[in-house]
Every structure is written in structure tokens, then in C-alpha cells.
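The values are calculated or read from the model by the stated rules, or taken from the named source; none is laboratory data. Quick caveat: nothing in here was measured; it's all calculated off a predicted structure. Methodologically, a virtual Cβ is constructed for each residue, glycine included, from the backbone with ideal geometry; neighbour enumeration extends over all protein chains shown.
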Amino acid sequence: MGKTLAYKILGEHLVSGELARGNEITIRIDQTLTQDSTGTMVYLQLEAMDVGRVNTELSVAYIDHNTLQTGYENADDHTFIESVAKRHGILFSKPGGGICHQLHLENYGAPGKTLLGSDSHTPTGGGLGMIAIGAGGLDVAVAMAKGIYSLSVPGVIGIQLTGKLRPWVSAKDVILHVLKELSVKGGVGRIAEYYGDGVRSLSVTDRATITNMGAELGATTSIFPSDENTKDYLESQGRGEQYVPLAADADAEYDEILHVDLSALTPLAAMPHSPDNVKPVSEIGPIKVDQVAIGSCTNSSYTDLMKTAEILKGRKVHPEVSLVISPGSAKILSKIAASGALSALIDAGARIIENACGPCIGMGQSPKSDAVSLRTFNRNFKGRSGTLDADVYLVSPETAAISAVTGVLTDGMSESAKLGIDLAPIRPEQFAKNDNFIVYSEDTNVDNTSVVMGPNIKPFPRNTAIPDRVTGKVVLHAGDNITTDDIMPSDSKLLPYRSNIPFLANFCFEKLDSGFAARAKDAGQGVIVGGDNYGQGSSREHAALAPLYLGIKFVIAKSFARIHRSNLINSGILPLTFENPGDYESLRVGTNLVMEDARAQLDQPTVTLKDADTGRVYHLAAHLTDLERRMLLAGGKINMLKETL
């Protein structure tokens, strides 16, 4: 049996364990990335490990999330991150340089490398043929300190592409189709590997759009082969020498295969409030649009913006639409300015904002009340835009741009001819090297560089070793598909406090249950009950650290999203799943639970908790690896590392 591309790269980086599905392995990590929303916590954790220069080939600290500096908090975080970067030999990407995933694709990603990032959309690098995995901040800190990462071997779903995309259909429509077919939990425990004749028709930035939104499948990562298109892209960025051809074996076997005929796809949209709630634009119909936002790490490439400019050239944004555009990098902004495309965008009535994540994470540009907002972003969870009652649709740049002109959701495939728009292919461009936003740190180290910490930066909470008897009161009973945005809201008001868990914890679950934080504090030791796919979405470990600070001991759910489950374990919070589905309804708020012989029970695949008032026994699945068990017994990953370092 031949090997998949994913298993080839994992095998080449294997440090320990057997590369077989479900086994625990440790792999060598070549590169890491952080962004400032998660980065402050990452670097507090790195400092706590008392290490010298990082043990990776390359580590980069990007500033792209908290770029609205309305107070000292964000600027202090950036200064702290820069000081730690200098101290440990990490590249520092200043605000304004661009979005981490776009920048890493342009400047550092390389076929066959492994990348671990403290952002769930790190799999963007899979568009270059990398194993690029999003993880919690502590996992990334450990990767920088020790150069390794441990995981359970995922399965591999093969996504076979045939045919070729028609005009007005783009890579965004490909991944929306895959999400429709597989759902937001269809990739959990698996890697999505793309192959087939249709791959040749997709550029690297097309592929990066698809692998970026593989995070919405819940997949460990997504990957494309490295081929002539990869070579062309690397050469366009002045890095042609880093090209390596990579592909799965011809007889590779996949756990499952999804066939996608690119030539059969039409423009699609993900409707509120989930990326897998997908329908053809033609079926949704010409709903009135209030806002259009083009950009984010998913669709802010040079090609995306040039197509947008071509559609808007000589036309006018509809008077009742606000159009905002955020380029992915300074290099892209410079290029579209030189080409004249920037003038076309501005002349049409578009607002150009900073090269940053911006509206995608609720950092500015929130739509008006009860608005319809079309966005080329990757997530449309309720309230993520910063407006709780807004309806956000995820669409391609082509659909977004033509809809900005017409004022209604528009299928460009059927309507473009009426408007006289002929969307021509965008020719490849050469990009000059620009590292003016990068701060290097070759001549610094822990001995000659101090760490700068502002007053808003607080120590991260630490758990304690699990005792033999653990008690907890159920303080929340939640439904399916709870996101990390639901657990720890992230908007322009709260993002400046991502380095201050004691303050941030007061807003935990605020949008779902405003009384949660107070109830958890009163309980002292709490339990959260959730449904399917608990913790989907962003990799932010704050969704584990805030509950830890509030005394949460267990989270019991029907199923967990991969990164959040890892973050809970890293924090010493025990994630359990129901063996009897009927138990979900019986565990209501106020139920007092007790786990006897807790330390011994962690050796078993099934543990028992008892209702301290009624005596009812609950059998719950733990399914812990040896490493996970050791982390929980120690009270979290940092405690375990302190014991072993």
C-alpha cells in the first residue's frame, strides 16, 4: 500500500511512536508562528520554561490581530512580544506587515516542512505542501522550547478534484462545497488531503484558501501536493530554491474519499450562523446587502484583490452598501497600488483598511443592527462580527464584489453579462522582497535582553495536581457546536485584555449566559456540560484558561473539537464524553458531582462520576493517551514540564 503525502511528511519528522492511526506520536517541528491575540500568553508560557534560544529552524511572532490601539494595552502586549522575540531568537513581524498566514505563505512556508501555530488557521501552509497544524499556545511554546509536538495520528480523508473551475467560481466555493458535504465536524480526527487532475488548475493562493478553511471542518490540517504551481509561486516570491516536488504515492489508500468535480460547482454562500450552512447563491436569492467585507487570511491575496478591482473598475459601490477591503500584506498592498488596482477600488467607493485581521475577528467594522454582511472570511458564528443580531454570509471575492455593486446577493455566473463584466484571468506577478516590517534578533539572547511587561499583563493561571477525590457543581448546560467565541468572546472591547485572564474571565460565556462567571465563582469547583463538537473554532486557549481561573474541573460533552480538547488537558481540566446519550439531559445546572479515586480512574478508558445528592452513577469516556494522563495528573502541561525539565 502506498503512502499518503501527509503520512510521508509525518514519517520524515517522526521522533517517537508508530505512525498508525490513533497512536500517540511525537514529531519534529521545523517552524512555529504566533499572533498577538494568542501570543502574549504563548510567550509568558515560554518564559516560564526558562529556556534559551528556540529549538526550531524558524519561529515568527506576528502582530496582526490587536492593531487598534485605543489604549496602552495592545501596544504594551506588542512591546512584550517583541522583547521576548529578541531574547529567544524569534523573528518579530511589526503591525502593518500583514496577516500571519498570508505573510508566512509569502515569506517562510516551504514544501515538506512542519509548522505549528497558535492560530487555528495555521493549516493555510498546507497550500504549499506543508504539514501545518493549529494548536493551543502552550503546545506552540513547547515546540519552540523543545522542537517537538505530540499528537494522536489522524486518519486521512482523500478529496479527489477533477475538472476545472468556471468563471465566477473560485477556491472559496470549493471549500464551501466540501463543508456542505462533510460538516463542521466532518474532519475531526482526520487530515484532508487533496489530489487528482483538478489540483493542477488551482494556484497556491487558491489552495491556501481551501486549506485555511479546512479548520472549519475540524480537521487536524489540510494539504495539497507540491507541484509546478508551487514552484511558480515560490519563484514569484524570490524563493524558488525552496521548491521540492511532493505528492502521495499513486496507490495511496485513504480512509474515505470525497469526489469533487470542479467544473460542476457554482457560486456558493455559507448562511448564518455556521460555515457548513451552505447553499448556492442562486437558491438564496437577491437578498438586500448592507455591508461587504473582502480580506482576512482566507481571501486577501493579490489575485483576490485584483479580481475585486476588475469587477469594481469603472463602477460604483451601491449607495446602500458599505464596502471595506483589508489586503493580506504590505507586499500585496504595494503591488495593487503600483498596478493601479488600488485606485480602482477607492474610486468605486471602497474603504481600504490596515493589512490585518480586522473585521474577521470583530476588531472594527461591525455591521449595523440587523444587518446582512457578506464577508470573504472563514467564520460566520453568531456575534463574531461584533453585532449580535447581524446575519453574516461567507462568499468568494467575486460574489462579494459584484454584490457590492448591485446591492443584493448576486450570482456572478448568471448576472455578470447583464452588467457587462468580463472577468479575465489574473496573470502571475513577481514580488520584490520586502522585510521592512521584520525585526531580526540574531545578536540577542536571554543574557543581554530583558522582558518588558506592561501593567495589563498578568500571570497565566496554573492548575494543581488532581487529588484522589474531585467534586464539582454543574454550572452550565450548553448545546451543540459551542464555539470558542461562545466560551471566551473575542471582540474589540475584550481583545486588549487577552493577556489579563483575571479580568477576561468575568466575560466567560457572557453572550450565552451572562450569569455564568458569577455562578462558577460561587460554586468554587465547577462542571460544564456541552453537546456535540464542543469548543469548535478558534485555537484560543483563553477558552480553557478562563474556565480554569473560574474553578472548572471537568467538561463533559457529547464530543469535542480537537484543539479545545487539547487546551483543556494542557490546563489540567478533564474532558469527558458521554457513554450513555441520555445522561446529557439529566446533568442539569446545580447537579453536584463527585469523582472518587480520581487519580487511579484516569488509568481507565471509562471513569465514573456520582451525583452526590441522588447517588446516580455516570459512566463517562476519557480515552486519554499516556501523555495526556500524565499532564492531567500533574495539573496541566506546564506543571508536567516543570517536573521533567
Could you run through the range 390-420 and say how many residues are of a type outside the set (S, T, N, Q), crowded, with 18+ Cβ neighbours inside 10 Å and modelled with pLDDT under 85? 0
Taking the stated definitions as given, is Pro327 within 18 Å of Gln102 (Cβ to Cβ) and part of a loop (DSSP other than H, G, I, E, B)? yes
Given Asp249, Asp206, which one is assigned to a loop (DSSP other than H, G, I, E, B) and at negative phi? Asp249
Taking the range 607-644 as the search range and keeping residues that are modelled with pLDDT of 95 or more and among the polar types (S, T, N, Q), which one is farthest from Ile556 (Cα to Cα)? Thr614
Scope the range 370-402; condition farther than 28 Å from Tyr302 by Cβ and among the hydroxyl-bearing types (Ser, Thr, Tyr); matching residues: Thr387
Residues of the range 302-322 being polar (S, T, N, Q) and in contact (Cβ under 8 Å) with a residue 60 or more places away in the chain, in sequence order, are Thr303, Thr308
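Conditions (1) among the polar types (S, T, N, Q); (2) under 24 Å from Ala598 (Cα atoms); (3) outside the structural domain of Ser366 (by TED's automatic domain parsing); (4) touching a Pro at 6+ places or on another chain (Cβ under 9 Å), marked per residue:
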{"site": "Ser490", "(1), (2), (3), (4)": "yes, no, yes, no"}
{"site": "Ala520", "(1), (2), (3), (4)": "no, yes, yes, yes"}
{"site": "Val527", "(1), (2), (3), (4)": "no, yes, yes, no"}
{"site": "Glu541", "(1), (2), (3), (4)": "no, no, yes, no"}
{"site": "Leu548", "(1), (2), (3), (4)": "no, yes, yes, yes"}
{"site": "Ile556", "(1), (2), (3), (4)": "no, yes, yes, yes"}
Taking the conditions exactly as written (assigned to a helix (DSSP H, G or I), charged (D, E, K, R) and either at negative phi or not assigned by TED's automatic domain parsing to the domain that holds Gly295 (or both)), does Glu429 satisfy them or not? no
Evaluation of Gly127 against (1) assigned to a helix (DSSP H, G or I); (2) more than 27 Å from Ser499 (Cα to Cα); (3) touching a strand residue (DSSP E or B) at 6+ places or on another chain (Cβ under 6 Å) (one fails), failing number: (3)
Of the conditions (1) touching a Gly at 6+ places or on another chain (Cβ under 6 Å); (2) of a type outside the set (Lys, Arg); (3) buried (at least 19 other Cβ atoms within 10 Å of the Cβ), Asn299 fails just one. Which one is it? (1)
Selection from the range 1-37 of residues that are of a type outside the set (D, E, K, R), in a loop (DSSP other than H, G, I, E, B) and over 22 Å from the mean Cα position of the chain (by Cα): Met1, Thr4, His13, Gly17, Leu19, Ala20, Gly22, Asn23
If you take the residues in the range 633-645 that are within 25 Å of the chain's Cα centre (by Cα) and not charged (D, E, K, R), which one is surrounded by the fewest Cβ atoms within 10 Å (Cβ to Cβ)? Ile638
Could you go through the range 32-51 and let me know if any residue there is surrounded by fewer than 16 Cβ atoms within 10 Å (Cβ to Cβ) and among the small types (Gly, Ala, Ser). no
Scan the range 547-606 residue by residue and report those that are assigned to a loop (DSSP other than H, G, I, E, B) and either without any contact (Cβ under 8 Å) to a residue 12 or more places away in the chain or aliphatic (A, V, I, L, M) (or both). Leu550, Ala561, Ile573, Gly582, Leu587, Val589, Leu602
